[in-house]
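Novice: Structure incoming, see below.
Each reported figure results from applying straightforward, stated rules to the coordinates on display, with no laboratory input. All values reported here derive from a predicted model rather than from experimental measurement. Please note: Cβ atoms are built from the backbone with ideal geometry, for glycine as well, and neighbour counts cover all protein chains shown.
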């Protein structure tokens with residue numbers, strides 16, 4: 001394992017530790033979405049996934 | 001009657017303020033993306049070593065997390081945003097040089113750039129046109145992002161190429177969600193600081209680009 005991988009791992013650990021309180025806070029304060037709200041999110045994400053698959057075909 | 005006029009006046013001044021934040025955000029985002037391109041080109045020209053990427057990303061993230069929030073309400077914040085985006089662009093240079101040296105490297109980079117632009121503009125247009133409130137996504141996206149970081153940490157030790165591909169795919173989906181969430185926050189008035197809004201959107205674009213490069217780089221060299 002070279003030093004770059006060790007530094008990357010350490011940086012990721014620090015970032016994760018930094019994000020945990022913010023994540024907990026967001027989970028507590030986020031509003032609940034209805035099924036219609038979730039469909040409004042899922043459909044564009046599916047379109048993005050299909051678009052990326054198209055890009056893979058073009059390479 | 002006077003109460004109706006007052007309500008209408010309040011609504012239109014709120015809409016004007018939101019439009020101002022939107023306009024300022026997209027203007028600053030365009031300028032920072034351009035600046036990033038310039039620093040990336042400079043880095044490629046200088047043939048910077050691969051570790052430049054890691055140093056630039058870590059440095060940029062530290063400044064974004066600890067320095068920028070303190071200056072976000074002053075003009076110094078704009079300078080700091082350019083510093084962060086310039087650093088991240090400079091770090092991209094060695095990555096782009098590596099992909100450019102591949103047999104169909106030019107194709108991979110062009111498709112990644114075009115794909116990132118299309119994803120960002122498409123999702124932004126969707127959020128702006130529908131004016132849906134995506135605030136319910138906040139907790140879900142943050143948890144997803146944390147899980148991706150944990151998977152990335154595990155993969156540093158496991159070194160599984162398929163896992164790397166999966167991580168990049170999930171990053172694209174999560175960052176797409178963040179585009180909807182961040183844009184919706186600006187529209188709904190939840191984010192009134194265009195400096196913070198810009199850096200949020202810039203990071204999503206940066207992550208989508210890097211992930212697309214990785215996916216297309218792996219899939220493009222499978223033949």
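Novice: For the stretch B:156-172, how many residues are in a helix (DSSP H, G or I), at the interface with chain A (Cβ under 10 Å from one of its Cβ atoms) and surrounded by fewer than 19 Cβ atoms within 10 Å (Cβ to Cβ)?
Specialist: Number of matching residues: 3.
Novice: Sort out which residues of the stretch A:29-48 are at the interface with chain B (Cβ under 8 Å from one of its Cβ atoms), assigned to a helix (DSSP H, G or I) and loosely packed, with under 13 Cβ neighbours inside 10 Å, and write them in order of number.
Specialist: Answer for the stretch A:29-48, where residues must be at the interface with chain B (Cβ under 8 Å from one of its Cβ atoms), assigned to a helix (DSSP H, G or I) and loosely packed, with under 13 Cβ neighbours inside 10 Å: just A:29.
Novice: Any chance the stretch B:189-203 includes a residue that's within 13 Å of chain A (Cβ to nearest Cβ), in contact (Cβ under 8 Å) with a residue 60 or more places away in the chain, surrounded by fewer than 23 Cβ atoms within 10 Å (Cβ to Cβ) and under 29 Å from residue A:31 (Cβ atoms)?
Specialist: Checked the stretch B:189-203: at least one residue is within 13 Å of chain A (Cβ to nearest Cβ), in contact (Cβ under 8 Å) with a residue 60 or more places away in the chain, surrounded by fewer than 23 Cβ atoms within 10 Å (Cβ to Cβ) and under 29 Å from residue A:31 (Cβ atoms).
Novice: Any idea which of A:26, A:39, A:4 is within 29 Å of residue B:188 (Cα to Cα) and in contact with a helix residue (DSSP H, G or I) (Cβ under 9 Å, 6 or more places away or on another chain)?
Specialist: Step by step, each of A:26, A:39, A:4 is checked, and only A:26 is within 29 Å of residue B:188 (Cα to Cα) and in contact with a helix residue (DSSP H, G or I) (Cβ under 9 Å, 6 or more places away or on another chain).
Novice: If you go through the stretch B:123-142 one residue at a time, how many are in contact with a helix residue (DSSP H, G or I) (Cβ under 8 Å, 6 or more places away or on another chain) and surrounded by fewer than 16 Cβ atoms within 10 Å (Cβ to Cβ)? Explain how you work it out, then say what you get.
Specialist: Pass one, the stretch B:123-142, residues in contact with a helix residue (DSSP H, G or I) (Cβ under 8 Å, 6 or more places away or on another chain): B:123-124, B:126-128, B:130-142.
If we keep only those that are surrounded by fewer than 16 Cβ atoms within 10 Å (Cβ to Cβ) too, we end up with B:128, B:130-131.
Within the stretch B:123-142, residues that are in contact with a helix residue (DSSP H, G or I) (Cβ under 8 Å, 6 or more places away or on another chain) and surrounded by fewer than 16 Cβ atoms within 10 Å (Cβ to Cβ) number 3.
Novice: Does the stretch B:212-223 hold any residues that are more than 9 Å from chain A (Cβ to nearest Cβ) and either surrounded by 24 or more Cβ atoms within 10 Å (Cβ to Cβ) or touching a helix residue (DSSP H, G or I) at 6+ places or on another chain (Cβ under 6 Å) (or both), and which are they?
Specialist: B:213, B:214, B:218, listed by residue number.
Novice: Still on this structure: Among B:129, B:118, B:100, B:125, which is over 17 Å from the mean Cα position of the chain (by Cα) and over 28 Å from residue B:55 (Cα atoms)?
Specialist: B:129
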